[in-house]
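Enquirer: One structure is given below, represented as structure tokens, and several questions about it will come after.
The values are calculated or read from the model by the stated rules, or taken from the named source; none is laboratory data. Keep in mind that what you see is a predicted model, and the values were worked out from it rather than measured. Note: ideal-geometry Cβ built from the backbone for every residue, glycine included; neighbour counts use all protein chains shown. Note: areas computed on protein heavy atoms with side chains; ligands, DNA, RNA excluded. Shrake-Rupley method; radii C 1.70, N 1.55, O 1.52, S 1.80 Å.
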Amino acid sequence: MGEFKVHRVRFFNYVPSGIRCVAYNNQSNRLAVSRTDGTVEIYNLSANYFQEKFFPGHESRGTEALCWAEGQRLFSAGLNGEILEYDLQALNIKYTLDAFGGPIWSMTASPSGSQLLVGCEDGSVKLFEVTPDKIQFARNFDRQKSRILSLSWHPAGTHVAAGSIDYISVFDVKSGSITRKMVLDRQHLGVTKSRCIVWGVAFLSDGTVISVDSVGKVQLWDSATGTLVKSHLIANADVQSIAVADQEDSFVVGTAEGTVFHFQLVSVTSNSSEKQWVRTKPFQHHTHDVRTVAHSPTALISGGTDTHLVIRPLMEKVEVKNYDAALRKITFPHRRLISCSKRRQLLLFQFAHHLELWRLGSTAATGKNGDTLPLSKNADHLLHLKTKGPENIICSCVSPCGSWIAYSTASRFFLYRLKYERDNISLQRVSKLPAFLRSALHILFSEDSTKLFVASNQGSLHVIHLSEGSFKHLHTFQPQSGTVEAMCLLAVSPDGNWLAASGTSAGVHIYDLHHLKLHCTVPAYNFPVTALAIAPNTNNLVIAHSDQQVFEFSIPDKQYTEWSRSVQKQGFHQLWLQRDTPITHISIHPKRPMHILLHDAYMFCIIDKSLPLPNDKTVLYNPLPPKNESDVFLRRTTHGFKMSKIYKPLLFMDLLDERTLVAVERPLDDIIAQLPPPIKKKKFGT
């Protein structure tokens, strides 16, 4: 395999935004997640929990509510008072609509999905009809004295429960008037608090309303009589969220102490038909507030201030007790935030509202395998490029020569020319870009830095020729058969003749850049593409999918290679397929075309295609050091998968040259250290 000198980088000061709300769609088995910076992410739970789509955030768009409506349409609302609908094909915002009730604190769709309810700052509850094109205001319900912080429909669609400060209202949907009002007790362990905020409500089929509040209680109410049936004091701080299973046999709540509680409906005695709600399991997978929860048929989902999305399978609901029953904790985005200039040894780091350009350090020292070498020159922070306007950066890239930087927001595209004079760097923006370069989902430069490839959210691919400080539009590849499918991943061949593009529907199109036409389409596969790379000389396209399968497709021959066919015939090692983070980057060794380098967040692997594949009986990964020379030789020749778990969490890894790697890590402890302090809990009587 050969040895590599590795630049181990830990100065990418990236902190993900906290999770504000989640919404689960049972029909498509997808999960929508909104973050505190306004970013919305879509996870495909059937595709190994892959983050297949995302919508960039906006400074003025603090999302407070998220819900799915009829026809798998996604809506959000927030403190700017607007309702948004997302275009899940073009990956942009379809439209925004002002609800004219001040900041929106809550939103929910009717059981049929044909109506939306929003709860506003001014105490109004507004009903909207979901039409094929957009949503239309229908009417107001009776206005309340305080803001509406939570909403829940009765499964029959006839009544709605609304949580406010100190009380819960039950509305009749037809008339919009209040049929019942339940006042909450402000007392917590004998101390009367100034107010009781109802953070969440859930309306059950039998008329029971479940509420969670700032006093730390989960309470069950009879909506017909307005009386309290049962009260559970579960926390010394706020209980902030609630979600109920479709069968209404269990529900989950999240607290400000970072604990998630599971309640189940169980029989009072073994042979009794009478049932009651019992708190069965507490889970402590978060360090900070659990702001939101969801309940899928097989798992409990939670997210909050600590930025983790936690998916905990319910063991009694999982049929096969395999790796699908393991806890998932998703922290980092499943897309690249780092690009590399190999020639100048530069790294470009992407943040929400700025870019950072760093030059890697160097060393004159030598050593043996495993040694940490001292730096003779430290890494240099060359550039801090701040964006203008409130929009988050979608994507960015630095050219291989280090002379160009491009980035895009939701409405603007920026291209800069960099010039280096000794230790100084100058930056010049390229003005008068064409109108079609408004927004990009992926940006890529050719290996010789003379071409720029831009994937727009309208499904088109733009090819731009770059010369000294200027550009020229060469061609635009239009989407196939009139469909508007956003292209999210690009890969260009080292010789500059081929461009591969992957869309949101798992298809890969290959374009001939010499003749400027579509060359072929890779046979469809059921799982989304997570990474692409084209090998030098052979022009074989390596494709990684979210189910951990790796394919190799010959572009000249328009078919899968013999190696790829043999891999699919034998199958990957069981432990390889059970990894729970997707492959986010692939590169091919320039001097050894048989070596494929790839990584996910917790593993770096070199696949040697000349060696046999591992089977389930062989050891895939052996962390113990080799004992002698024969052990080294045996490991090198046993099978073709050489894996390392030294670097983690691994956000980026690539070859700088044939003997040098760069690895960018982001330790979780560094992220937690930058979060606000959690609620302090007493332990052992201290």
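Enquirer: Please give every one of the aspartates and glutamates within straight-line cross-link reach of LYS609, meaning a C-alpha to C-alpha distance under 16 Å, and leave out same-chain neighbours fewer than 8 residues apart.
Expert: Cross-link targets: GLU552, GLU562.
Enquirer: For segment 576-625, just say rounded, prolate or oblate: build the C-alpha gyration tensor, square-root its eigenvalues into a ≥ b ≥ c, call rounded for a/c under 1.5, and beyond that prolate if a/b exceeds b/c, oblate if not.
Expert: Oblate.
Enquirer: What FRET efficiency do you get for VAL430 and ASP246 if R0 is 45 Å and r is their Cβ-Cβ distance, rounded to the nearest 0.05?
Expert: 0.25
Enquirer: Shape of segment 247-330 from its Cα gyration tensor (a ≥ b ≥ c, root eigenvalues): rounded if a/c is under 1.5, otherwise prolate when a/b > b/c, or oblate?
Expert: oblate
Enquirer: How fast does segment 211-271 diffuse by Stokes-Einstein, in µm²/s, taking the Kirkwood radius from C-alpha pairs at 25 °C and 0.890 mPa s?
Expert: 195 µm²/s
Enquirer: Turning to a different aspect of this structure: Say each of THR192 and ALA156 gets a label point 7 Å from the Cα, pointing the same way as Cα to Cβ; how far apart are those two points in nm?
Expert: In this crude spin-label approximation the distance works out to 3.8 nm.
Enquirer: Could you tell me which of the pairs LYS5/LYS368; LYS342/LYS451; LYS388/LYS419; LYS193/LYS230; LYS368/LYS648 are separated by over 18 angstrom between their Cα atoms in the structure shown?
Expert: Violating the 18 Å limit, Cα to Cα: LYS388/LYS419; LYS193/LYS230; LYS368/LYS648.
Enquirer: If you roll a 1.4 Å probe over the heavy atoms of the protein chains, what accessible area per residue do you get for segment 496-582, in Å²?
Expert: 40 Å²
Enquirer: Now for a separate question. Tell me, what is the FRET efficiency for LYS569 and LEU375 to the nearest 0.05, using R0 = 56 angstrom and their Cβ-Cβ distance as r?
Expert: The formula returns an efficiency of 0.75 here.
Enquirer: By accessible area of protein heavy atoms, probe 1.4 Å, what ranking do ILE646, ILE338 get, highest first?
Expert: ILE646, ILE338
Enquirer: Among the lysines, select those whose C-alpha is under 27 Å from the C-alpha of LYS126, and discard any that sit fewer than 8 residues away in the same chain.
Expert: Cross-link targets: LYS94, LYS134, LYS145, LYS174, LYS181.
Enquirer: If you don't mind, there's one more thing I want to ask. Please compute P(r) over all alpha-carbon pairs of segment 19-246, binned at 10 Å starting from zero, and give each bin as a whole-number percent.
Expert: 8, 34, 36, 18, 4, 0
Enquirer: Before anything else, pin down the relative contact order of the chain: Cα pairs under 8 Å, at least 6 apart, normalised by residue count, whole percent.
Expert: 8 percent
Enquirer: Taking the chain as the reference, fit the longest principal axis to its C-alpha atoms, fit the long axis of helix 629-638 to the helix C-alpha atoms, and give the angle between the two in degrees, 0 to 90, nearest 10.
Expert: Relative to the chain, helix 629-638 is tipped by roughly 70 degrees.
Enquirer: Can you tell me which aspartates and glutamates have their Cα less than 17 Å from the Cα of LYS591? Leave out same-chain residues fewer than eight positions away.
Expert: GLU3, GLU447, ASP495, ASP608, ASP654, ASP657, GLU658
Enquirer: DSSP loop chymotrypsin sites (Phe, Trp or Tyr not before Pro) in segment 79-177 with at most 14 other Cβ atoms within 10 Å of their Cβ, which ones?
Expert: Within segment 79-177, the qualifying chymotrypsin sites (Phe, Trp or Tyr not before Pro) (loop, at most 14 other Cβ atoms within 10 Å) are PHE100.
Enquirer: Could you check how much of the accessible area of the chain is carbon and sulfur, as a whole percent, using a 1.4 Å probe?
Expert: 50 percent
Enquirer: With no solvent and one equal point scatterer per Cα, compute the Debye intensity ratio I(q)/I(0) for the chain at 0.06, 0.07, 0.08, 0.10 Å⁻¹ and report its log10, rounded to two decimals.
Expert: -0.39, -0.53, -0.68, -1.01
Enquirer: Evaluate the distance, in nm, between pseudo-label points positioned 7 Å from the Cα of HIS465 and of PHE137 along their respective Cα→Cβ axes.
Expert: Inter-label distance under the simple model: 5.4 nm.
Enquirer: Classify segment 289-442 from the C-alpha gyration tensor, please: rounded if a/c falls under 1.5, else prolate or oblate depending on whether a/b exceeds b/c.
Expert: oblate
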